[in-house]
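Structure first, commentary second.
The values are calculated or read from the model by the stated rules, or taken from the named source; none is laboratory data. Bear in mind the structure is a predicted one, so any value in this text is a computation, not a measurement. Please note: Cβ atoms are built from the backbone with ideal geometry, for glycine as well, and neighbour counts cover all protein chains shown.
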Amino acid sequence: MLTISELHDRIGGEFPDVERVSDTAVRFSRVLGKRAYAVCYVDVMRELPSTVEALTEYQDRVIGRYYFEGHRSLQWSNYLYFLQPEELLDSPVTLNAKQLIEADRTYARKFVLGEDELEELLKPPLIEAPQTGGQTNVMATWTRRLTQPGLYDAVFKDIDMPKRLALIERPGVGQSPPTGEGPLLIGPSKPPPFIKGFKIRKYRNYPARKEYDFGKVNLIFGPNAVGKTSLLEALELYYCGRNNRNPGAGGDYSFRAELADGSLDLATHARRQQIFRDRNLAWYGQPELKKNTLYRSFSLFNFLDTDAAVSIAESTVDLEDNLSRLLVGPDAAKIWRNIERLSEALAARVREVTTRYNENRVQRDRIAAQLEAEQKLPKDSDAINTRLDTMMRKLKWHYPATPDTEDQAATLASALLEYASLLEQAGSLTWIPSPTTLNGLNAYCTNTQSALESAETLTKQWATLDAERTNREDELNTLTKALEQARDAHLLIEANVPRRHIEARRLHEYDARIATQLAGTEAIQRETLQEYFDLTLKAARRNAAAAHDAGRQMLEQNRKRLKDFTTLRAKSINLAQQLRAIADEMLQHAGDPNECPLCHATYPAGELANHIHAGLDDNLESTAHALHQQVRIAEEALERASLLMDQVELISTFVARAGGPHDITINEAFKLLDERRSGQKRIASALANVEAELRELAGRNLSYRRFDTIIAQLERLGHPLNEHTLQSASALVEKLTTTVHSCQDYLQALDKEIQTFQSQFALHLRATAVIVQDAYTLIGREKERLTTTQTLLSKLAVFAANFPWPQRSPLANLVISARSVRSVAAELQTVLERERQRQVSVSEAVEHKEQLDKRLAQLEPVKDRLIAARDTLADLKENNSLTDAMAVALSDNRAAIEAIFARIHAPPEFDRLGSRMDTLIRKNGQEAQLKEISTGQRAAYALSIFLARNNQAQSAPPVILIDDPIAHVDDFNALSFLDYLRTLAIERDRQIFFATANDKIAALFERKFDFLEDDFRRFNLSREAA
């Protein structure tokens, strides 16, 4: 059990400024040069504060009195350690107190440790790089194994799957990677010096500031979009020539760096790629021949992959991918996914290409067997050709001229088929005497030609007479119709139908005229105008208008008086109410409520109050009633005047329509009105009598509508009845009767002449025609027969040269011979065609076989390349997987990661890494998955991996680039991380570049590092140049 004296002595050996601050506690400072950067309190008390109050009282007493000593930044670097014997550490009391103490945020960061941890507390051991010799980088292993042409680019290029497969299938496409060994040898070698000054001569628009005087620790602060990340990537570009975030992006750049050893370095986009390949080998032990992947190594060891770190902290999705970016490189997970997807695609492609290869090979073998069998088949066309020659010589027929035997047989068969068809057509001609011969066909043509010429002459003359007869028949029909209509018109005129119709129309016109004059007169009131009877219309209108104007003025005056009174009454009532209220108030304050306070008159009990509230309201209501009555009287007078004006206007309108004089009196106007009404009744009576008579005539089919139709038809027929009199109708009937008889006589004469032409036509064509159209039809039929016969003869003459036949022999015998020879020729044609098709099939099969041989020759190397690529990737998945590489990297760096994680995670509840990369072992021995721990602890784990990898790079640039990785991490883990960075800056000789947009983190960072004085730089970036 450690005493305060022993504690003082042991600490004093390391820190001379140690002093006792209580009976159980000492205080000392950690110093760099002459400036303290941390204040530590160590207490060996046995009973730890177990409540918030007790802990607060302890801190106020022990730490509070020293808290504001020294520079202000020390307030953020106070540490309080409670040392406990080992046997008490695991007791429930100590564990509860430990949880309370380490969670408290006031004054100092606090820890409860075992007494045996004092030495480590006083002098934290340096975390050494693992001595693993040459450590194989999985990306280098994959590169070394992907030696097959096209396979490297198929895995590493950012292209779609069809293009990846095409790179493997096509020989000579794709870049082969280096075939040499690619171990990542990180051994002792002199690293490049710090960057002291940095000038951006050509780069992105931001940061706006272009010159920087860097220190050992550099804080880059500013809001988003001011160029913080761009500045870090400019440093990455200076070292690597490419950026990990977008390695394929081009663009010009130019930087000038002043190094700590005093040398100057100008870096531009035109630098040779060999520079970066040499750096990759010297700094990270990574050999390259053609590529520049220095940025991958730099990202793994020097430039924190913030996206991966933040993703691990904020989300449990894709943990393995994000861990792989920190453990084995930024592109490892992506490349491994490419390998897995390409492996699956290759397996499917191998199956597809192998299937096609086998199908083509089977098809090629089958065609070869068919060709061999075809060569053994016999030739049948020779015997048939001999038989055909014998038949042709016997008939003295000749072959048509053709180039070869097959065409000769086809031409002969085709010609004989057509010849036989023509002969059969000739034999089927019904107008040729049987048996049909060539002489019979020629004789028919000669005789028929002469008969047609005579028949056509007769038919033309007949057609002329027939047209004349048609015209006369049309004329007779028209005359007959006109005669019938004229007789009907005569009958209607005789019955007085037209005259009665005219009379009825005249009466209708009279009645309509009077109705127009009387329109609206039914509203005229005789008694209303009684007082104006002796006045003229003009005087009556004047008097009525004057009465109307006087009534309107009276009404307006009465309404105004009523309105004025209403306004005055409202004011009077309001004043009366105010006076009554005053009187009531006076009575309430008076001694006697029945005595008037003004005149002191005495009233019976209650009478004075009634007197005050009576009188005025009744008088006002009476006056208002009288005024309302006057308004109603004026309204009635105006209404009577308006009615009188309307009546005068109505009677004036009637007189104007009736054509009466302007100076007529009202009385005379009423007499004119009575006269028009009496006339209307007389006209109505007469019109009724005429219409009754017309209805009676219409009942006997003697209507005027029929008469009007007849007159229109006579006009259309060309025989109009101009005067609708009985004499005119009789004359028209007589004239039409005479003309009809004359036309009938002429038609009889035409019929006799036409019969003569019919007889002569029948003699020439041996057929009877009743009408001209029949004659033309018969002539056309004979012409068609003649044409058919002549055409057949001309076609038969074409074949006569090769197939001669006697003129008098029946054509039926010729048909039999032609069909016999044609049958043999067709048989020969079929056999020759079959033999030709066999030859074509053989040629096609030979060509197809050659194509299949060529296709097989193309598919076989493709199949072999695909199989080799598939097997290579399968072997990689089996023996060099990403998971294995991550496990190796984790194993090699386990000690460093565990040591760093133990120092930067809070609360410090984990002892070591778990059995898998995504698990941790708590100090109580329980295993926890990363997704089960806090965001801050996951962030600490990610940062531990990066810092361990940086610690491993002994020959690489001594820089750490960190882009806002802890903006969303809790204070405890952020403080622990910054404390460790401070240790690295002091003890590991690292140049740190830390960028953040969080003003709280920036302030905390500055307080942790400002003790470095000139070795600490803060750069506040903005959108505008400094």
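What to note about this one:
- Checked across region 350-361, the condition of being in contact with a Pro (Cβ under 9 Å, 6 or more places away or on another chain) and aromatic (Phe, Trp, Tyr) holds for no residue.
- Condition check for Ser652: within 19 Å of His508 (Cα to Cα), assigned by TED's automatic domain parsing to the domain that holds Ala540 and either over 60 Å from the mean Cα position of the chain (by Cα) or assigned to a helix (DSSP H, G or I) (or both): no
- Filtered residues of region 973-1002 (kept if of a type in the set (Asp, Glu) and not in a helix (DSSP H, G or I)): Asp989
- Selection within region 842-867 - of a type in the set (A, V, I, L, M, F, W, C) and surrounded by fewer than 14 Cβ atoms within 10 Å (Cβ to Cβ): Val846, Ala857
- For Glu258: the one exception among (1) of a type in the set (D, E, K, R); (2) surrounded by 16 or more Cβ atoms within 10 Å (Cβ to Cβ); (3) under 15 Å from Ser297 (Cα atoms): (3)
Yes or no, residue by residue, for (1) at pLDDT 85 or above; (2) surrounded by 14 or more Cβ atoms within 10 Å (Cβ to Cβ); (3) of a type in the set (A, V, I, L, M); (4) in a helix (DSSP H, G or I):
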position	(1), (2), (3), (4)
Met391	yes, yes, yes, yes
Thr411	yes, yes, no, yes
Leu423	yes, yes, yes, yes
Pro433	yes, no, no, no
Thr436	yes, yes, no, no
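- Filter result for Arg706 (part of a helix (DSSP H, G or I) and under 29 Å from Gln553 (Cα atoms)): no
- Residue in region 737-775 that is surrounded by the most Cβ atoms within 10 Å (Cβ to Cβ), counting only those that are touching a residue at least 40 places away in the same chain (Cβ under 8 Å) and among the polar types (S, T, N, Q): Gln758
Results for (1) outside the structural domain of Lys98 (by TED's automatic domain parsing); (2) among the β-branched types (Val, Ile, Thr); (3) within 30 Å of Asp104 (Cα to Cα); (4) part of a helix (DSSP H, G or I), shown as yes or no for each residue.
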residue: Gln858; (1), (2), (3), (4): yes, no, no, yes
residue: Ala869; (1), (2), (3), (4): yes, no, no, yes
residue: Phe901; (1), (2), (3), (4): yes, no, yes, yes
residue: Arg916; (1), (2), (3), (4): yes, no, no, no
residue: Leu920; (1), (2), (3), (4): yes, no, yes, no
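- Filter result for the condition that a residue is hydrophobic (A, V, I, L, M, F, W, C) and either outside any helix (DSSP H, G or I) or within 15 Å of Pro498 (Cβ to Cβ) (or both), over Val733, Val740, Val690: Val690
- Positions within region 972-1003 being aliphatic (A, V, I, L, M) and farther than 17 Å from Pro223 by Cα, in sequence order: Ala974, Leu975, Leu978, Leu981, Leu984, Ala985, Ile986, Ile992
- Test: Leu832 is assigned to a helix (DSSP H, G or I), surrounded by 15 or more Cβ atoms within 10 Å (Cβ to Cβ), of a type in the set (A, V, I, L, M, F, W, C) and at pLDDT below 85: yes
- Residue satisfying all of: in region 200-219; within 46 Å of the chain's Cα centre (by Cα) and aliphatic (A, V, I, L, M); surrounded by the most Cβ atoms within 10 Å (Cβ to Cβ) among these: Ile200
- Sole exception among (1) at pLDDT 90 or above; (2) basic (Lys, Arg); (3) under 60 Å from the mean Cα position of the chain (by Cα) for Arg61, by number: (3)
- Test: residue in region 578-586 that is at pLDDT below 85 and surrounded by 15 or more Cβ atoms within 10 Å (Cβ to Cβ): yes
- Qualifying residue in region 446-458 (condition: part of a helix (DSSP H, G or I) and within 18 Å of Lys795 (Cα to Cα)): yes
- Every pair of residues 6+ apart whose Cβ atoms lie under 7 Å, when the first sits in region 827-842 and is farther than 12 Å from Ser381 by Cβ while the second is of a type in the set (A, V, I, L, M) and assigned to a helix (DSSP H, G or I): Val842/Leu371
- Test: Gly250 is modelled with pLDDT under 80 and among the small types (Gly, Ala, Ser): yes
- Single unsatisfied condition, Glu734 versus (1) free of Cβ contacts under 8 Å to residues at least 12 places away in the same chain; (2) over 26 Å from Ala495 (Cβ atoms): (2)
Per-residue answers, yes or no, for (1) surrounded by fewer than 22 Cβ atoms within 10 Å (Cβ to Cβ); (2) among the aromatic types (Phe, Trp, Tyr); (3) at pLDDT below 90; (4) farther than 30 Å from Pro861 by Cβ:
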position: Ala308; (1), (2), (3), (4): no, no, yes, yes
position: Ala313; (1), (2), (3), (4): no, no, yes, yes
position: Asp321; (1), (2), (3), (4): yes, no, yes, yes
position: Leu327; (1), (2), (3), (4): no, no, yes, yes
position: Ala348; (1), (2), (3), (4): yes, no, no, no
position: Arg351; (1), (2), (3), (4): yes, no, no, no
position: Arg356; (1), (2), (3), (4): yes, no, no, no
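- If you go through region 678-721 and pick out every residue that is farther than 30 Å from Leu483 by Cα and in contact with a His (Cβ under 7 Å, 6 or more places away or on another chain), you end up with 1.
- Taken together, Arg387, Arg393, Arg361 contain a single residue that is under 30 Å from Pro861 (Cα atoms), among the charged types (D, E, K, R) and out of contact with any strand residue (DSSP E or B) (no Cβ under 6 Å at 6 or more places or on another chain), which is Arg361.
- Single residue of region 139-157 satisfying the filter (touching a residue at least 12 places away in the same chain (Cβ under 8 Å) and part of a loop (DSSP other than H, G, I, E, B)) that is nearest to Glu878 (Cα to Cα): Leu146
- Of the residues making up region 223-249, just one is assigned to a loop (DSSP other than H, G, I, E, B) and over 41 Å from the mean Cα position of the chain (by Cα), namely Gly241.
- In region 31-58, of all residues being in contact with a Phe, Trp or Tyr (Cβ under 6 Å, 6 or more places away or on another chain) and farther than 17 Å from Phe82 by Cβ, the one that is surrounded by the most Cβ atoms within 10 Å (Cβ to Cβ) corresponds to Tyr37.
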